[in-house]
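The structure under discussion appears below in the form of C-alpha cells.
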Amino acid sequence: MGGMDKAKLIDCAAPQYDEVLILELLHAIEFAEDAHTGQKRKSGEPYIIHPLAVAGILCEWGMDIDTVIAGVLHDTVEDTPVTLEQIETYFGHDVAFLVDGVTKVSQARAGMRSLDTYLPGTKDNLSKLMISVGKDVRVIIIKLADRLHNMRTLEHMPRDKQKKIARETMEVFAPLADRLNMGRVRVQLEELSFRYLAPKDFNRTKTLMDSRIKKSQRKLGKVRKEVADHLTKEKIEFEMDGRVKSVYSLYKKLDRYQGDIDRIHDLIALRIIVEDVSTCYLVLSELHTMYTPLYDRIKDYIAKPKSNGYQSLHTTVEAADGQVVEFQIRTHEMHDYAERGFAASFHYNESKLTDAYRKGAIATLPADLSWIFELQEAAAKASEGKSFDADKFRMKLFSDRIFVYSPKGDIWDLPRGAFPLDYAYRVHSDLASQASGFKVNGVMKPFSYHLEHGDTVEILTAKGAHPKPEWKEFIATSHAREKLRQQLARDGGVLGHITKAATQMIGKRLRKR
C-alpha cells in the first residue's frame, strides 16, 4: 500500500490527458524529485514516493491536470527551499494557488501538537482552514488524497503518533470526505483509523464479519444468479456486483442491535447499475415481483437524495428460502458520484469549474454541495477582514458523531446527544450498573450532561449503587437502553419482593393505628 513510481503515475495519466499536459506532469515530477533529494520517509523510502502516490490517487479520482500536478508539488513549499513564486513561474497561477492552499491547511493544523484544543478546531485555526479551502475546494481533495496515503503507511510511525493521526482522520478528514459525498474515501479513512484507534474492537469485528461473509456469499450466489437470469430474460441491460460492509460500519451497526449480527441483513448488498432512472424503478418492480419486499426497508434516495447528494434505490427482500437480501439500484452516474462525490462532479463539470476558479469567481456547484458555496462566501468575507461564524461550519461538517475518551486515552464513538450512561454501557454494562456519578474532564457532571467532542469521561462507582428506572431519561443509545432494560428485569425479582414486603409492613402499621 506504499508509494507509486513515476511510470505508474504516467500510465494512470496517459488515457486522461493530452501529450502537452503529460509533458507538464513529467516536468513537475522531475522538479519535485530534485526538490526532495535526500529526504526520507519514516519507512526509510525516498520521500518522493509520497507526493507521487498522492498525485496517483488524484489521477485515479479523475481530477484535472492542475490538481494532479499540485499533488506532486504539494509538500515542496513547506518542506524544501522551493518558493511559491518559483512554482507559479514554472507551473502557472492555478497550481501555485492550490499548493499555497494545501500549505495553509498544514499551517492551520499546527495546533495538532495539542490535539484537545485543535479538534474540531479553535476559531483561529478553523478560520484559516475555511479561508484556505473555501476559495478552491480542490484543496480539500488534495488533502484527502494526502491523508489517505499517509494512513496507508501509518505503521511506520510511533504508536502515540499513530493514535493522534488516526483520531484526527476519524474526526476531521472522514467527515470532510462524507460531506463531499466521497463515500469510498470516507470508508477507507474510517477503516484505517478504526484499526489504529481500537485494534481489539477492529480485530473482533473483522473476525465476526469474515466468518459470516463466507456463509452469506454462498447463499447470495443463488439469489444473484436468479436476478441476473430474470433481468436478462426481460432484456434489461445492467451490471451487478456485491458490496461488502466495512468493518467500522458493521461495528457501529452492531451497537444499535446489541451485538446481534443475525439482525444485520446488509453485511453484503447486491448493487445493480443501469442506464437511466426509469430503468432503476423498473428493476425495483421486477425484484418485488420475484421476492417478498420488506416494505419498511424500501428507501427512495433518487426522489429524495441524502443531504450529501447520494442517490440510489434501496430495497430489502426475502427470498423463498427465507434469506433476507438488500439491493441497491442506481445509474452509472449515480454510482460514480456515490464513489467519488465532488471529484466526480468536478470531472463532469471540469471546464465550467476550472474557468470559474481561474477567473477568481465562486464556482457553480451541484445543489447538494451548496454548503461549499456558503463556505466560499464565508471565506471571501474572512479574507476581506469581515467576521463569519466558524462554529456554524464546524457543525455542518461534524454533525452526527462525537468521540470521547477514557482516562487511559481509549477512544469511544457515540452519537451526538449521548449521555455519560451511554458511554458507561459502551465500556461495560456491569460497570455502568454500579455508576454513582461521572467526572468529565476532571469535573463532576450530572447524569443529564450531554457529552461533547473530546470529553474525557471517568465513571465513579459505589457498591450500593444499582440501575434505576429513571436512568431511561438519561440514555440516548439503543445499546444502553437494552442493557438497562435487562438489568432492571433481572433485579426486578429481588427489588419487587422487597417493595412488596415493605408495602405489607406499612399496611400493618397503619391498621394498628
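What residue, of Ala35, Ala28, Ala55, Ala96, is within 22 Å of Gln188 (Cβ to Cβ) and buried (at least 16 other Cβ atoms within 10 Å of the Cβ)?
Numbers: Ala35 fails: within 22 Å of Gln188 (Cβ to Cβ); Ala28 fails: within 22 Å of Gln188 (Cβ to Cβ); Ala96 fails: within 22 Å of Gln188 (Cβ to Cβ).
Being within 22 Å of Gln188 (Cβ to Cβ) and buried (at least 16 other Cβ atoms within 10 Å of the Cβ) holds for just one of Ala35, Ala28, Ala55, Ala96, which is Ala55.
What helices (runs of 4 or more DSSP H) completely inside region 276-365 contain at least 3 residues that are at pLDDT below 90?
Numbers: elements: 277-290, 332-340, 342-348, 350-358.
Once the helices (runs of 4 or more DSSP H) in region 276-365 are filtered for at least 3 residues that are at pLDDT below 90, what remains is 332-340, 342-348, 350-358.
For the list (1) more than 17 Å from Ala338 (Cα to Cα); (2) surrounded by fewer than 19 Cβ atoms within 10 Å (Cβ to Cβ); (3) within 10 Å of the chain's Cα centre (by Cα), I need the number of the one condition that Glu155 fails.
Evaluating Glu155 over (1) more than 17 Å from Ala338 (Cα to Cα); (2) surrounded by fewer than 19 Cβ atoms within 10 Å (Cβ to Cβ); (3) within 10 Å of the chain's Cα centre (by Cα) leaves (3) as the failure.
Being surrounded by 16 or more Cβ atoms within 10 Å (Cβ to Cβ), modelled with pLDDT under 90 and not hydroxyl-bearing (Ser, Thr, Tyr): is that true of Lys123 here?
On the way: surrounded by 16 or more Cβ atoms within 10 Å (Cβ to Cβ): no; modelled with pLDDT under 90: yes; not hydroxyl-bearing (Ser, Thr, Tyr): yes.
Answer is no for this residue.
Here are some residues: Ile236, Ile268, Ile273. Which one is under 17 Å from Leu313 (Cα atoms), in contact (Cβ under 8 Å) with a residue 60 or more places away in the chain and not assigned by TED's automatic domain parsing to the domain that holds Leu414? Reasoning before the result, please.
Details: Ile236 fails: in contact (Cβ under 8 Å) with a residue 60 or more places away in the chain; Ile268 fails: in contact (Cβ under 8 Å) with a residue 60 or more places away in the chain.
Only one candidate qualifies: Ile273.
What is the number of the single condition among (1) closer than 22 Å to Leu267 by Cα; (2) under 30 Å from the mean Cα position of the chain (by Cα) that Asp321 does not meet?
Of the numbered conditions (1) closer than 22 Å to Leu267 by Cα; (2) under 30 Å from the mean Cα position of the chain (by Cα), the odd one out for Asp321 is (2).
So, of the residues in region 182-239 that are surrounded by 14 or more Cβ atoms within 10 Å (Cβ to Cβ), more than 30 Å from the chain's Cα centre (by Cα) and not charged (D, E, K, R), which turns out to be nearest to Val325 (Cα to Cα)?
That would be Val223.
Here's a check for you: in region 436-453, which residue that is outside any strand (DSSP E or B) and of a type outside the set (A, V, I, L, M, F, W, C) is nearest to the chain's Cα centre (by Cα)? If you could, list the steps in order and put the result at the bottom.
Start the filter on region 436-453 by keeping residues that are outside any strand (DSSP E or B), which leaves 441-442, 446-453.
Right, trim to of a type outside the set (A, V, I, L, M, F, W, C) and you get 441-442, 446, 448-450, 452-453.
Values: Asn441: 26, Gly442: 30, Pro446: 31, Ser448: 28, Tyr449: 26, His450: 23, Glu452: 19, His453: 16 Å.
Ranking the qualifying residues of region 436-453, first place goes to His453.
Considering every residue within region 62-69, establish whether at least one is modelled with pLDDT of 90 or more, within 26 Å of the chain's Cα centre (by Cα) and within 22 Å of Ile87 (Cα to Cα).
Initial filter on region 62-69 (modelled with pLDDT of 90 or more): 65-69.
Of the ones still in play, those that are also within 26 Å of the chain's Cα centre (by Cα) are 67-68.
So of that shortlist, the ones also within 22 Å of Ile87 (Cα to Cα) come out as 67-68.
For region 62-69, residues modelled with pLDDT of 90 or more, within 26 Å of the chain's Cα centre (by Cα) and within 22 Å of Ile87 (Cα to Cα): present.
Find the residue count for region 261-307, including only residues that are under 23 Å from the mean Cα position of the chain (by Cα), crowded, with 17+ Cβ neighbours inside 10 Å and of a type outside the set (A, V, I, L, M, F, W, C).
Total meeting the criteria: 5.
The values are calculated or read from the model by the stated rules, or taken from the named source; none is laboratory data. Nothing here was measured: the structure is a model prediction, and the numbers come from that model. Quick reminder, even Gly has a Cβ in these numbers, built from the backbone with ideal geometry, and neighbours come from all protein chains shown.
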